[in-house]
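The values are calculated or read from the model by the stated rules, or taken from the named source; none is laboratory data. In this text the structure is predicted, and so the values were computed from the model without any measurement. Here the Cβ positions follow ideal geometry from the backbone for every residue, glycine too, while neighbour counts run over all protein chains shown. Just the protein is used for accessible areas: all its heavy atoms, side chains included, with ligands, DNA and RNA removed. Shrake-Rupley method; radii C 1.70, N 1.55, O 1.52, S 1.80 Å.
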Amino acid sequence: MHCKGLLRLDSLLIFVLFSFAATTTVVRAQSEEVINEIVVPGRAINTLDLESISSAGSRLGLTVIETPATIELVDSSVMRARGYKSIADAVKSLPGVTSGESPAAPSTFSMRGFSRSAITVLRDGIWLGPANMVMRPQNTFNLDRIEVLRGPGSALHGQGVVGGTVNSVIKRATPNEQPVEVLASYGRFGTYQFGVGGNKQVSDSVWLRIDANTYGSDGYVDRMDSESTNVTASLLWEASENFKVEIQADYLDDSLADYWGTPLVPKTSAGSPLGGVVSTSSGETVDARMRFRNFNVSDSVAVSDQSLYRADLTWEVSDSVQLKNTTYRFSADRDWGNAEGYVYCTEVVDVCTEKGLIQRYYGYFFVTHDQELLGNRFTANLNHQIGGRENRFVSGFEISDLDFSRARGFRRRIPLATSDSVDPLTPIPGSYGQRELRGISPTDIDTRALFFEDAFELTDKLTLVGALRYEELDLVRRNFNDLGVLEPSGFARDFDWVSVRLGAVAKVSDDVTAYAQYSDGKDPVNANIFLVNSGENLDLTDAKQWELGLKGSWQDGRTVATIAYFDIERDDVLERIGVDSAASIGGRDSSGLEISSSFNPTPNWRVGANASLIDAEFKRSTNFVTFAGNRPPNVADVTGNLWASYSEVAGLPIEIGGSVQYVDDRFGDNANQVNLSSYTLVDLFAAWSAANYSITVRVNNLTDEIYVPWSDVFYLQQDDPGFLYANQILLASPRSFEIGLEFNL
């Protein structure tokens, strides 16, 4: 573990603990929230509501404080108050989480030392596929909350849950009339957002909620031009006192930002090198003159069109028995076609015909997805007593059928053209031209699962919580070449496994609990299941975690804090080693400490803080590449966040506040040859809130920090003279500002 990482963590821990101690003597806030206010003062600080129920953490209806795991919730009011426009914005505010918006895998996360498909992303509790294949940067306006469960969770959610689970929950129809909410904002780089939504009663027993949001931006780099439209609808019919039906629709149409990165150049060739941003073992840097240049083609494509429909039937058989059935269908079409790889030519070799130019020839790549998912989940909840002690039990089954067809193509037969090489300072976009098909890979995945979960109150102070899931998966993967001929690299295989979570929650006091748990995660073939071929047809991977934690509130709820220590071991890790392949690189271990807290020192003053320390490394591999002892990419040893706000400034309905985020150094590649420097971000806001409207002004990245938030491993150091594919990094947005308006109708 790095010494400087420990020193930085010490500073963060001292700050958090000092703030915690200071608030134990403060006076309880007496300010009341106005029911109809759009943005309630102080909601920019997440209050760590330990009494909330999280479906990501349990199907038993347990609250956060009753669950033996780390669970964090970010509700819609906090996301609006902080100005979060995407799921990634919200989740990366949590301790130890980093995220990026690489167009190759948008809105993927690093959590507890693991990343990409090792983090499961759910939509209202439904798994749609590996996050690095199906995730999109979805808007937050349509969401009621985001739930994050840390650590392995296959006992709850099935395959692939190692570092954590991110569950985005949309706003749903409720049996009460609510005003129509309207949101509009505009800011630098032509960034805009408009949303409208509301809940209305249709009849005595039917309620309807519809939310629609559109977002767009010119972007901070030439020709980024991202946009999205998300429409969600929920119809609730209370057929009787004990039986209800809910129908949901969730539609998304988007176009990702067409910025694939800024090429790295030798320091000797950089006219204006950006120091303190990125460094490589081969002495490369970023030239500031190229920072806002886009090296993609003019007709680039990164679009998707997807819809999710579901029907929920809920029957309250009695006060202690509930039956629920969920049927769902998800479909998606995605299309990428870009010059997505750029290499600075340092010598005349292969496709590099002139020194000092950016070569894109091998970087021309297209891929399409045609995805269909059908599924059904049935659960039975039973709350009863055993020996006079309360017991909560749920059992159920789930079946799903996933059809995923992936077509892709590279520039191979099309001859080298003048437009493939561009000037680093004045790149002429050119066009993608003819698409050259490499092949099509249909993959069918059928799953069947039985699951059980139980919480038994052993004593007044101790509750035992356990979960078990038995799952079967039938995988058929076929590969066809560009002529439609079946290739031998496909395979078919059946998997079955059992996943468990065992935990205990002890009441230290009425408002404080301590917990311990063991959990595991299972994953057939791992990494990206839609890239794996017969040569990587491995057995199940296995992840095991031990976790200890403390959750509680003090001073009548004015101070709330959670702390957790975890240790995770995983074997047989597959990593992407090429644009169309993956390989085993051994195991991965991770351990760390996470702290979250919120304070209410005075009626007007609120503070929130979190911090994390993560020690992660690859374990020994028998593969042709050994990364043993290396830190995995995009994993920061230390991260920390601090928020503060003050309301009713000078007796007026004004709230001012801000945040500071720190992310430590990270590596951008498995070989640890590319170092991404640490960064500190400062955001400020001021809001005027009235009975039915709110006006907010924000400044993000106040100090205009230049930094790399995320690395896509395959787009770094792929500069072999025989195959000059990509050597670039994604730079984050410079200082930005916006003004926003929210009101009720």
*Does residue 233 satisfy being outside any loop (DSSP other than H, G, I, E, B), small (Gly, Ala, Ser) and open to solvent by less than 60 Å² (accessible area, probe 1.4 Å)?*
yes
_Testing residue 655 on (1) buried (at least 23 other Cβ atoms within 10 Å of the Cβ); (2) within 28 Å of residue 116 (Cα to Cα), one condition comes back false. Which one is that?_
(2)
*Sort out which residues of region 378-390 are without any contact (Cβ under 8 Å) to a residue 60 or more places away in the chain and not small (Gly, Ala, Ser), and write them in order of number.*
378, 385
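Could you run through region 469-491 and say how many residues are farther than 30 Å from residue 393 by Cβ, of a type in the set (A, V, I, L, M) and in contact with a Pro (Cβ under 9 Å, 6 or more places away or on another chain)? Quick ask: steps written out before the conclusion?
Kept after step one, since they are farther than 30 Å from residue 393 by Cβ, are these residues of region 469-491: 475-491.
Retained after the next criterion (residues that are of a type in the set (A, V, I, L, M)): 475-476, 483, 485-486.
Now drop any that are not in contact with a Pro (Cβ under 9 Å, 6 or more places away or on another chain), which leaves 475-476.
Number of matching residues: 2.
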*Specify which of the listed residues (150, 188) is buried (at least 23 other Cβ atoms within 10 Å of the Cβ) and among the basic types (Lys, Arg).*
150
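For the condition over 19 Å from the mean Cα position of the chain (by Cα) and modelled with pLDDT of 95 or more, what is the one hit in 638, 660, 649?
Values: 638 fails: over 19 Å from the mean Cα position of the chain (by Cα); 649 fails: modelled with pLDDT of 95 or more.
When all the criteria are applied, what remains is 660.
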*Looking only at region 50-79, and only at residues there that are closer than 15 Å to residue 90 by Cβ and without any contact (Cβ under 8 Å) to a residue 40 or more places away in the chain, the one that is surrounded by the most Cβ atoms within 10 Å (Cβ to Cβ)*: 78
*Can you tell me which of 683, 665, 669 is open to solvent by 40 Å² or more (accessible area, probe 1.4 Å) and charged (D, E, K, R)?*
683
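Tell me whether region 697-717 contains one or more residues that are over 24 Å from the mean Cα position of the chain (by Cα), of a type in the set (Gly, Ala, Ser) and either surrounded by fewer than 22 Cβ atoms within 10 Å (Cβ to Cβ) or at pLDDT below 95 (or both).
Taking region 697-717 as the starting set, the residues that turn out to be over 24 Å from the mean Cα position of the chain (by Cα) are 697, 702-704, 717.
Filter once more, keeping what is of a type in the set (Gly, Ala, Ser): none.
The answer is no, given that none of the residues of region 697-717 is over 24 Å from the mean Cα position of the chain (by Cα), of a type in the set (Gly, Ala, Ser) and either surrounded by fewer than 22 Cβ atoms within 10 Å (Cβ to Cβ) or at pLDDT below 95 (or both).
Taking region 482-524 as the search range and keeping residues that are open to solvent by less than 20 Å² (accessible area, probe 1.4 Å) and of a type in the set (Val, Ile, Thr), which one is farthest from residue 154 (Cα to Cα)?
Once the filter is applied, the top-ranked residue is 512.
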_Conditions (1) modelled with pLDDT under 65; (2) of a type in the set (Ser, Thr, Tyr); (3) farther than 24 Å from residue 514 by Cβ; number of the one not met by residue 24_ = (3)
_Among the candidates 469, 412, 478, residue that is open to solvent by 30 Å² or more (accessible area, probe 1.4 Å), in contact with a strand residue (DSSP E or B) (Cβ under 9 Å, 6 or more places away or on another chain) and basic (Lys, Arg)_ = 478
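Of all residues in region 718-740, which are acidic (Asp, Glu) and surrounded by fewer than 19 Cβ atoms within 10 Å (Cβ to Cβ)?
Initial filter on region 718-740 (acidic (Asp, Glu)): 719-720, 738.
Matches in region 718-740: 720 only.
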_Being over 28 Å from residue 612 (Cβ atoms) and modelled with pLDDT under 95 is the requirement here; does residue 669 meet it?_
no
_Just to verify a result, which residue in region 606-635, among those that are of a type in the set (A, V, I, L, M) and either in a loop (DSSP other than H, G, I, E, B) or over 24 Å from residue 72 (Cβ atoms) (or both), is modelled with the lowest pLDDT?_
625
*So which strands (runs of 3 or more DSSP E) stay within region 250-367 end to end and still have 2 or more residues that are open to solvent by 40 Å² or more (accessible area, probe 1.4 Å)?*
301-316, 321-339
